[in-house]
Amino acid sequence: MLTLPPVLTHAVAAGFARGLKPELFTGGPAEVVADAGALQQFDSSALAVLLECRRHALAAGKRFSVSAAPARLRELAELYGVAELIPPSAAATT
């Protein structure tokens with residue numbers, strides 16, 4: 001599981017994305033889940049980070065989903081037309 005930080009704004013998003021470890025996307029379970037439960041301050045850059053994580057997961061042959069996404073993050077994803085690319089995890093929909 002990939003845990004997003006409490007703050008994921010333009011100022012820190014690139015650094016967070018650069019710090020993603022390749023081993024998060026290889027081996028292990030067939031799905032990479034990004035835990036967004038800690039997100040408190042974010043902007044559209046958080047979507048860019050999630051899409052980058054999705055790209056890495058798909059390149060490794062894995063599924064990608066997001067757990068505990070704040071409502072505002074889901075609203076941003078809808079606004080930008082990318083909500084279907086960052087689906088909620090199966091655990092979040094049950």
Practice task
Would you be able to tell me the number of residues in the range 20-40 that are crowded, with 16+ Cβ neighbours inside 10 Å, among the small types (Gly, Ala, Ser) and part of a loop (DSSP other than H, G, I, E, B)?
Solution key: 1
Practice task
Kindly check whether there is at least one residue in the range 46-65 that is more than 18 Å from Ser89 (Cβ to Cβ), in contact (Cβ under 8 Å) with a residue 24 or more places away in the chain and among the polar types (S, T, N, Q).
Solution key: no
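Residue under question is Ala17, and the condition is that it be farther than 21 Å from Ala90 by Cβ, in contact (Cβ under 8 Å) with a residue 12 or more places away in the chain, surrounded by 14 or more Cβ atoms within 10 Å (Cβ to Cβ) and among the aliphatic types (A, V, I, L, M); does it hold?
Numbers: farther than 21 Å from Ala90 by Cβ: yes; in contact (Cβ under 8 Å) with a residue 12 or more places away in the chain: yes; surrounded by 14 or more Cβ atoms within 10 Å (Cβ to Cβ): yes; among the aliphatic types (A, V, I, L, M): yes.
Yes; evaluated as a whole, the condition is true for this residue.
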Fill in the blank from the handout: Taking the range 64-91 and keeping residues among the small types (Gly, Ala, Ser) and surrounded by 16 or more Cβ atoms within 10 Å (Cβ to Cβ) leaves Ser65, Ser67, Ala68, Ala69, Ala77, Ala83, Ser89
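A short reminder: the numbers here are calculations on the coordinates, not readings from a lab. None of the values given here were measured: they were computed from a predicted structure. So basically every Cβ, Gly included, is an ideal-geometry build from the backbone, and we count neighbours across all protein chains shown.
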